[in-house]
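Read through the structure below, which is laid out as structure tokens, and then see the notes.
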Amino acid sequence: MYNPIHTLLNTLVSSSRNRRAPLVNRLVALIICGATMALGLIPQAKAQMNVPALSQRDGRWASHQLGRNVPSSTLGNRGCAVTCIAMERSYFYGSLIDPAYMNDWLLSNGGFYNDLVIFSAVRGFAGSRDYSRTAADLNYINTLLDHGYLVIAMTYFPPSRTTTHFVLITGHSGYTYYINDPWTGYKTTFNSQYGDPGRWIYSINYFH
């Protein structure tokens, strides 16, 4: 559903990625966001999906080799994407799939380029969107969640924002996003851990 207020907000958030953008853009964005919430214009999720939470650093698989050809890469230090896939597949299959099994399945089914996951090789893959040059389309993400898709989002670890990280979005309340974070194995929100989703979600891959 088209939301003109959020479209304007997305535009302002996108411009705020430029450090030289006028401060007024950020202030106006905050005012619009507050007014949007006060007027009840933010769409609400139909449900938050009850997805099992897994940690890539769990001792049962943390030392497992990630992908191929990069000996220093393990599930523990770089396996966030694989762990997200293991969680979403566990939800849709109805039984627990651990990250080590998921890693090995991907190896056998064209799911890696060295230690980088090829999401389109995963069963249930439905599409992807790149937001590296624009603000994330939160209305689109909400629609996916409301229709039962699980969304793997790429972001950057704060505060340095130099290391990429993947989290699994399981639902939303307006523009607050519930996530399973594979780094900790906790269920939390994207907003509290990684900041403004419009600014800090850089790509998504979604599954059913």
Specify the residue that is farthest from Thr164 (Cα to Cα); the eligible residues are those in region 78-118 that are among the polar types (S, T, N, Q) and crowded, with 24+ Cβ neighbours inside 10 Å.
-> Asn103
Of all the residues that make up region 68-96, how many are part of a loop (DSSP other than H, G, I, E, B), over 20 Å from Phe157 (Cα atoms) and touching a Leu at 6+ places or on another chain (Cβ under 7 Å)?
-> 1
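What do you reckon, is Val51 under 15 Å from Asn180 (Cβ atoms), part of a loop (DSSP other than H, G, I, E, B) and at pLDDT 50 or above?
Against the criterion (under 15 Å from Asn180 (Cβ atoms), part of a loop (DSSP other than H, G, I, E, B) and at pLDDT 50 or above), Val51 qualifies.
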Every pair of residues 6+ apart whose Cβ atoms lie under 6 Å, when the first sits in region 113-125 and is among the β-branched types (Val, Ile, Thr) while the second is outside any loop (DSSP other than H, G, I, E, B) | Val117/Ala81; Val122/Ile85
Pairs, first of a type in the set (Val, Ile, Thr) in region 62-74, second exposed (fewer than 14 other Cβ atoms within 10 Å of the Cβ) and not in a loop (DSSP other than H, G, I, E, B), C-beta under 8 Å, six or more apart = none
Only one of these conditions is not met by Phe190: (1) surrounded by 15 or more Cβ atoms within 10 Å (Cβ to Cβ); (2) over 23 Å from Asn77 (Cα atoms); (3) not polar (S, T, N, Q). Which number is it?
-> (2)
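The values are calculated or read from the model by the stated rules, or taken from the named source; none is laboratory data. The structure presented is a predicted model; accordingly, all values stated were derived computationally and were not measured. Positions of Cβ are backbone-derived with ideal geometry, glycine not excepted, and every protein chain shown enters the neighbour counts.
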